[in-house]
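Please treat every number below as a calculation from the coordinates, not as lab data. Note that the coordinates shown come from a computational prediction; the quantities given were computed from them, not determined experimentally. Virtual Cβ from ideal backbone geometry, glycine too; neighbours counted across all protein chains shown.
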Amino acid sequence: MNTLNLERTLTSNEVSKMIGKEHSKLMRDIRTYITYLDEAKIGSVDFFIDSTYQDSKNETRPNYLLTKQGCEMVSNKLTGAKGVQFTAMYVSRFNKMEEDLKAIPTSPRELAKLALAANEEVNERVDKIDTRLTEIEENKPINTEDYGTIGRNVSKKVHKIISERHLEVEARKLLFKDLNSSIKQVFNVPNRGRIKDKDFEKVLDFIRGWEPSSVTNAKLKEL
């Protein structure tokens, strides 16, 4: 029995609930039907298929899968409202199964379209991951070692300006404040620890070429 045929079945558990009959008694009836069919050399698997299910205790129990013909046989044994109601229920279920199976792509062209759509979805997800990784890499802050290197270069630049201009020690605070403020402004960071790893060399170049602002120069002259 192929997969599509297996999908076009109802379990004996479902049928027993539909007709309001104990499952054990329905199983007994089905075994009787199978005996009659086998005696007539009529393939019983076209009606009832041996199967199993897991009960509430997670134990394996026997049951049957009923094809549409199997449901018809059970229905023929019912009378009155139960027979009509069960017929309506199983016919609706099998019609729904047919509709669902028709919606499954089967032609090479449909399967190719489905594979292409799946491939595009995978590629889109990969692109999003790559974009996110790129963003993370570009925004990665400097490490502790680079932070220390920038700090040493800042101090070196400040001391160099003080030495070259023969400034008083009081100038040190003004120069540090100005240089740190310039770094934060140029590289758009709240503090030196947030400098991006990709900007590390640029920051060092900036420090080497930095000169105090006109406002700081004016204050240095006052000192």
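Tell me, in nm to one decimal, what length is gained between Arg132 and Glu145 on full extension, where the rule is 0.36 nm per residue of separation less the Cα-Cα distance?
Contour length minus the Cα-Cα distance gives 2.1 nm.
Go through Met89, Ser213, Met73 and say which Cα lies farthest out towards the positive end of the charge dipole of the chain; charges sit on Cβ, +1 for Lys and Arg, -1 for Asp and Glu.
Ser213
What does the helix-only formula give at 222 nm for the chain: each DSSP H stretch with n ≥ 4 adding -39500 (n - 2.57), the total divided by the residues, and the result rounded to the nearest 500 deg cm²/dmol?
The per-residue figure over the chain is -22000 deg cm²/dmol.
Any idea what the relative contact order of the chain is, in percent, if you count C-alpha pairs under 8 Å spaced at least 6 apart?
The value is 15 percent.
In terms of the ratio Rg/(2.2 N^0.38 Å) built on C-alpha atoms, what value belongs to the chain?
Working it through for the chain, the quotient is 2.37.
Within 15 Å, Cβ to Cβ, of Gly20, how many net charges do the neighbouring residues add up to if Lys/Arg are +1 and Asp/Glu are -1?
Counting the neighbours of Gly20, the net charge comes to +2.
Which is farthest toward the positive dipole end of region 122-184 among Ser155, Ser182, Ile142, measuring Cα position about the Cα centre, with Cβ charges +1 (Lys, Arg) and -1 (Asp, Glu)?
Farthest towards the positive pole: Ser155.
Would you tally the net charge around Thr131, using a Cβ to Cβ cut-off of less than 12 Å, leaving Thr131 out, and scoring K and R as +1, D and E as -1?
That works out to -3.
Going by alpha carbons, how many degrees (0 to 90, nearest 10) lie between the helix axis of 23-39 and the longest principal axis of the chain?
Relative to the chain, helix 23-39 is tipped by roughly 60 degrees.
Roughly how big is the chain's charge dipole about its Cα centre, with Cβ charges of +1 (Lys, Arg) and -1 (Asp, Glu), in debye to the nearest 20?
Here the chain has a charge dipole of around 820 debye.
Which GluC sites (Glu not before Pro) in region 19-81 sit in a loop by DSSP (not H, G, I, E or B) and have at most 15 other Cβ atoms within 10 Å of their own Cβ?
In loop regions of region 19-81 (DSSP not H, G, I, E or B), the sparsely surrounded GluC sites (Glu not before Pro) are Glu22, Glu59.
Are there trypsin sites (Lys or Arg not before Pro) in region 1-92 that DSSP puts in a loop and that have at most 14 other Cβ atoms within 10 Å, and which ones?
Lys41, Lys57, Lys77
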